[in-house]
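Take a look at the structure set out below.
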Amino acid sequence: MASILAIAVVVGIGLLAVWLVIVYNRLVRMRNQVDASWSQIDVQLRRRHDLVPNLVETVKGYASHERATLEAVVAARGAAMARHDGDAGRADAENALGRALGRLIALGEAYPQLRANENFAMLQRELATTEDKIAYARQFVTYAVQQYNTAIQSFPAVLVAGRFGFQERELFAAADAERGTVPVAFQFDA
């Protein structure tokens, strides 16, 4: 009888250990997916950051007296490229850059010769493509973060998550003013 009880305890401990490993590995996999999805956003954001100086220089040639707009774009780019605390700080800085770029691109409407410039048109198309890629990457981040946050908050995984330091992640959300709208800046004639 004692040997059956000892076997049952050993089997129970073994099953608990297997369950713990499975849950832990699932949470690690989900956390890594969130990190990988943020990396994809980083790639697209760097691409956008790289386009900004060329765009500013092109606009400067046609609308140099729009100094405040140009300076706002340069400042927003600098803030977006700087390190921020947490994902929310990064999202806020990138949203500010998006708004500043929208104002810069809108100058094309006020300056027909700028709009007709081939370099400006090419940069505008590249920026629009990059914005589309950023939007897709944000959707993927949102999905990955929701899945991860749900997993670490659900029972019984919450028991493992808390003990091993799995913490809730923030979404890369669009600013309130940007939700549900397509920036005029990125609507252009094909």
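Every read-out reported here was derived from the displayed coordinates using simple, explicitly stated rules and does not represent laboratory data. Because the structure is predicted, anything quoted here is derived from the model rather than measured. Because the Cβ atoms are built from the backbone with ideal geometry, glycine has one as well, and the counts that use them run over all protein chains shown.
Of note:
- Rel. contact order, % - alpha carbon contacts under 8 angstrom, at least six apart, segment 28-172: 33
- In Hz, Karplus ³J(HN,Hα) per residue of segment 15-30 (6.51, -1.76, 1.60; θ = phi - 60°; x = Gly, Pro): 5, 4, 5, 5, 4, 4, 5, 4, 5, 4, 5, 5, 5, 4, 4, 5
- Highest mean packing comes first when the peptides 47-55, 91-99, 150-158 are listed by Cβ atoms within 10 Å, giving 91-99, 47-55, 150-158.
- The ranking of 30, 1 by Cβ neighbour count inside 10 Å, starting from the fewest, reads 1, 30.
- 37 °C / 0.692 mPa s Stokes-Einstein diffusion coefficient of segment 9-70, Kirkwood radius on C-alpha pairs, µm²/s: 204
- Fewest-first ordering of 163, 125, 90 by other beta carbons within 10 Å of each residue's beta carbon gives 163, 125, 90.
- Principal-axis tilt of helix 86-110 within the chain, Cα atoms, nearest 10 degrees: 20
- For residue 163 and residue 35, the FRET efficiency from 1/(1 + (r/R0)^6), where r spans their Cβ atoms and R0 equals 22 Å, is about 0.60.
- Alpha-carbon centroid distance for the pair segment 40-64 / segment 90-112, whole angstrom: 10
- Stretchable slack from residue 171 to residue 10, in nm (0.36 nm times residue separation minus alpha-carbon distance): 53.7 nm
- Averaging 1/r across all pairs of distinct Cα atoms in the chain and inverting the result yields a Kirkwood radius of 19.5 Å.
- With the charge dipole of the chain set up from +1 on Lys and Arg Cβ and -1 on Asp and Glu Cβ about the Cα centre, the Cα lying farthest toward the positive end among the listed residues 55, 89, 74 is that of 89.
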